[in-house]
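Engineer: The structure is given below, and queries will be raised subsequently.
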Amino acid sequence: MFTSLLIDKINAYDPYRIHYCNGLRAVFALFSLFCIQYFYGVNDPYFYFFYIPITCLSLEILGESSLEKTKIYLHSVSWSALGVFVFCLSAHHPLLELVVVFGFSILVYYVFIKHYQYPLVSSATILSLGAYGLNYENLDFYMACNHFGVTLFAGFVIAGVLTLFPQKVYIQIWYRLVNHSLLLACELLNSESPKDKAMQIFNLFPLQLRYARMFRKKQIGLLKTTLALHTFIEHCVAMKIYPDYFAENQTSIQKNLIYLSYHVQQHSPCLLELFSQSNMTEIMLYKVAKDWNGLCTTYF
């Protein structure tokens, strides 16, 4: 059916629901602004109250922790509102406008390159909003101040509302990343080209760390599990690429890995046994299972 094909395409494009989460947060933020506009009625709401704060959410996703996301968002809204403010006030005089646009652009790039992550993306977004604001010329200084305040107000509303967004969403994304890493590790042990599989797994590691840091309540446990899994996978990769240097029983490791992967998919504890003769790779897998058990009893 058409819906099945659509769902398959969505799952292939966004298997970990990262874009789904970001889109849901944007809808959540937009709905909060709609509620304020419905009850209080902000004058000229489109650009200053809606467009600038919602567009700055595209920079908020660059943050690697909840606190960092909030800081990036508030900074981007503040700089964008300031850019629109100075651009609009100078728009009535061509020479002044040229000087202000050039000077503000140099200032934004200098500050962001020196003090912020992802300076080129952030600066380009802020300056594009400022340039778009030239369509809304404000010759009245007090009206420009009012629009500046409205933009900041909307930004603080969104920042406050997003702190109420369920943190459980982040741990679900982390779980999908870990689950996929375990499945790829199972394929790695059977693969004839382990380097390709290894690159797929290693590409997931930065995302795992990012979303482990998002969930504030259990951040240490998520980070420990992520690092233990990454260490185990590194051993598996080395064992497959340089088998002569390892004496591990790959059949036993693969069996235990499949067992762990099954319990992770079922959101249940995995009771692996650690024997005195176990090798280092098996000990690492046991540590991953132990860390997983501590998490799944609380959050899964």
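Engineer: Select, from VAL84, VAL121, VAL108, VAL150, the only residue that is assigned to a helix (DSSP H, G or I), buried (at least 20 other Cβ atoms within 10 Å of the Cβ), within 27 Å of the chain's Cα centre (by Cα) and not assigned by TED's automatic domain parsing to the domain that holds GLN208. Walk me through how you get there before you give the answer.
Structural biologist: Working: VAL84 fails: within 27 Å of the chain's Cα centre (by Cα); VAL121 fails: buried (at least 20 other Cβ atoms within 10 Å of the Cβ); VAL150 fails: within 27 Å of the chain's Cα centre (by Cα).
Result of the check over VAL84, VAL121, VAL108, VAL150: VAL108.
Engineer: Pick from ILE258, ILE201, ILE233: which is more than 30 Å from TYR73 (Cβ to Cβ), buried (at least 19 other Cβ atoms within 10 Å of the Cβ) and in contact (Cβ under 8 Å) with a residue 40 or more places away in the chain?
Structural biologist: The match here is ILE233.
Engineer: Please determine, by comparing only the residues of the stretch 124-144 that are farther than 11 Å from CYS88 by Cβ and not small (Gly, Ala, Ser), which one is surrounded by the fewest Cβ atoms within 10 Å (Cβ to Cβ).
Structural biologist: TYR142
Engineer: Restricting to the stretch 236-252, count the residues that are touching a residue at least 40 places away in the same chain (Cβ under 8 Å) and exposed (fewer than 15 other Cβ atoms within 10 Å of the Cβ).
Structural biologist: Counting residues in the stretch 236-252 that are touching a residue at least 40 places away in the same chain (Cβ under 8 Å) and exposed (fewer than 15 other Cβ atoms within 10 Å of the Cβ) gives 1.
Engineer: Somewhere in the stretch 23-42, is a residue part of a loop (DSSP other than H, G, I, E, B) and in contact (Cβ under 8 Å) with a residue 12 or more places away in the chain? Walk me through how you get there before you give the answer.
Structural biologist: If we filter the stretch 23-42 for residues that are part of a loop (DSSP other than H, G, I, E, B), which is where we start, we get 41-42.
Right, trim to in contact (Cβ under 8 Å) with a residue 12 or more places away in the chain and you get 42.
Yes: one or more hits.
Engineer: Where residues in the stretch 237-290 are among the polar types (S, T, N, Q) and at pLDDT 85 or above, which of them is nearest to the chain's Cα centre (by Cα)?
Structural biologist: Filtering first and then ranking leaves GLN265.
Engineer: With respect to VAL288, determine if the residue is on the phi < 0 side of the Ramachandran plot and touching a residue at least 60 places away in the same chain (Cβ under 8 Å).
Structural biologist: The answer is yes for VAL288.
Engineer: Moving to a separate point now. Which of the residues that make up the stretch 45-73 are touching an Asp or Glu at 6+ places or on another chain (Cβ under 7 Å) and within 19 Å of PRO166 (Cβ to Cβ)?
Structural biologist: LYS69, TYR73
Engineer: May I ask you to list the residues in the stretch 56-81 that are surrounded by fewer than 19 Cβ atoms within 10 Å (Cβ to Cβ) and farther than 14 Å from CYS145 by Cα?
Structural biologist: Residues satisfying the conditions are SER58, ILE61, LEU62, GLU64, SER65, SER66, LEU67, GLU68, THR70, LYS71, LEU74.
Engineer: Could I ask something else about it? Yes or no: TYR175 assigned by TED's automatic domain parsing to the domain that holds GLU68 and within 27 Å of the chain's Cα centre (by Cα)? Give the derivation first.
Structural biologist: On the way: assigned by TED's automatic domain parsing to the domain that holds GLU68: no; within 27 Å of the chain's Cα centre (by Cα): yes.
For TYR175, the condition - assigned by TED's automatic domain parsing to the domain that holds GLU68 and within 27 Å of the chain's Cα centre (by Cα) - is not met.
To keep it simple, each residue is scored yes or no on (1) part of a loop (DSSP other than H, G, I, E, B); (2) crowded, with 20+ Cβ neighbours inside 10 Å; (3) in contact with a Phe, Trp or Tyr (Cβ under 9 Å, 6 or more places away or on another chain).
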{"residue": "TRP174", "(1), (2), (3)": "no, yes, yes"}
{"residue": "CYS186", "(1), (2), (3)": "no, no, no"}
{"residue": "ASP196", "(1), (2), (3)": "no, no, no"}
{"residue": "GLN254", "(1), (2), (3)": "no, no, no"}
{"residue": "VAL264", "(1), (2), (3)": "no, yes, yes"}
{"residue": "SER268", "(1), (2), (3)": "yes, no, yes"}
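Engineer: Test ILE220 against the stated conditions and say whether it is touching a residue at least 60 places away in the same chain (Cβ under 8 Å) and assigned to a helix (DSSP H, G or I).
Structural biologist: no
The values are calculated or read from the model by the stated rules, or taken from the named source; none is laboratory data. Since this is a predicted model, take the numbers as computed values, not measurements. Backbone-built Cβ (ideal geometry, glycine too); neighbour counts: all protein chains shown.
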